[in-house]
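Structure, as structure tokens:
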Protein chains: 2
Amino acid sequence: MPRVSSRIPGVEGCAVERTLSLIEGKWKIIVLYKLLKGTLRFNELRRLMPLVTQRMLTHQLRELEADGLIVRTVYAQVPPRVEYSLSARGRSLEPVLMAMKEWGDTNLSSQGAQAA
Amino acid sequence: MPRVSSRIPGVEGCAVERTLSLIEGKWKIIVLYKLLKGTLRFNELRRLMPLVTQRMLTHQLRELEADGLIVRTVYAQVPPRVEYSLSARGRSLEPVLMAMKEWGDTNLSSQGAQAA
DNA sequence: CATCACGGTATCCTTTTTGACACTATGGGC
DNA sequence: GCCCATAGTGTCAAAAAGGATACCGTGATG
């Protein structure tokens, strides 16, 4: 996933593209959604998303962390304890997620939408 | 690009994911952006996005059309004339695009953001 | 007669993304 | 002594996405 999709200076969509590049990735949006409601541990996330493989979840979490959208806190315990929560930056994405959710709720009603 | 990312009924993020799945794809967002300002012909789009290959542009346009976000109008002329414009559904995505643009403008200021 | 513009297709190849599966350390419970 | 849970990692392979390049028909233009 290219962190920067376009380097052409004159492209107006640049900011949008760059924003998109942070939230595309198969499970990132769900992760952000779940974390909107509060901090979660790794396996709590897994249980909430049974279809994600461990490797994928780790991978997506690492990217979200690298992009500064989530915070990873490790507690030095022996059954390891790692908590994930939104950073301020991640929380600021809420309007974007909500705009997408509203659009989806309105335009992709119950079935697969008229043109999908 | 899977048109439907998740079929799990209980996943709240579903609408968001499905919305995302319509606008991810390397050039779709730019296309939608350009079309927000008005109808464009195929080669006008190409000239506005010099780095997109013809094949890719065609491909993205076809998908946007299949998803009902844009309308393709062919005029039976001999230098062929094909116009693309947003459908009502496509135009209704404007709040989503704008939310992303605002977030990007605010959080990805000038350089590559602090954590990218 | 050759070339250009238009709006594409077709084919092949590379890169990126995703998935399957096995493996790790540690300490506690049985 | 064996298995469980936690939070991963590593390797390999498949699938998807994207890119390079060449080609198509038509009519006007030179």
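Derivation of every value follows stated rules applied to the coordinates shown; laboratory data play no part. Everything numeric in this text was worked out from a predicted model, so none of it was measured. Note that each Cβ is placed from the backbone with ideal geometry, even for glycine, and that neighbours are counted across all protein chains shown.
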Around B:L32, under 10 Å between beta carbons, what's the net of Lys plus Arg minus Asp minus Glu among the other residues?
+2
So which lysines can B:K37 reach, going by Cα to Cα under 28 Å and dropping same-chain residues fewer than 8 places off?
A:K101, B:K26, B:K28, B:K101
Ranked by Cβ crowding within 10 angstrom, fewest neighbours first, how are B:L86, A:L51, B:L36 ordered?
A:L51, B:L36, B:L86
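Just counting partner chain Cβ atoms within 10 Å, what average do the residues of peptide B:75-88 show around their Cβ? Kindly include the intermediate steps, with their values, before the conclusion.
Numbers: counts 0, 0, 0, 0, 0, 0, 0, 0, 0, 0, 0, 0, 1, 1.
Mean shielding count: 0.
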Kindly state, to the nearest 0.05, the FRET efficiency for B:K37 paired with B:A76, given R0 = 25 Å and r defined as their beta-carbon distance.
0.40
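In peptide B:89-95, how many Cβ atoms from other protein chains are near each Cβ within 10 Å, on average?
Working: counts 6, 0, 0, 3, 4, 2, 7.
Counting other chains' Cβ atoms within 10 Å and averaging over B:89-95 gives 3.
Hey, got the average number of other protein chain Cβ atoms within 10 angstrom for residues in A:18-31?
Details: counts 10, 12, 10, 6, 7, 5, 5, 2, 6, 4, 3, 9, 9, 1.
Whole-number average of other-chain Cβ neighbours for A:18-31 is 6.
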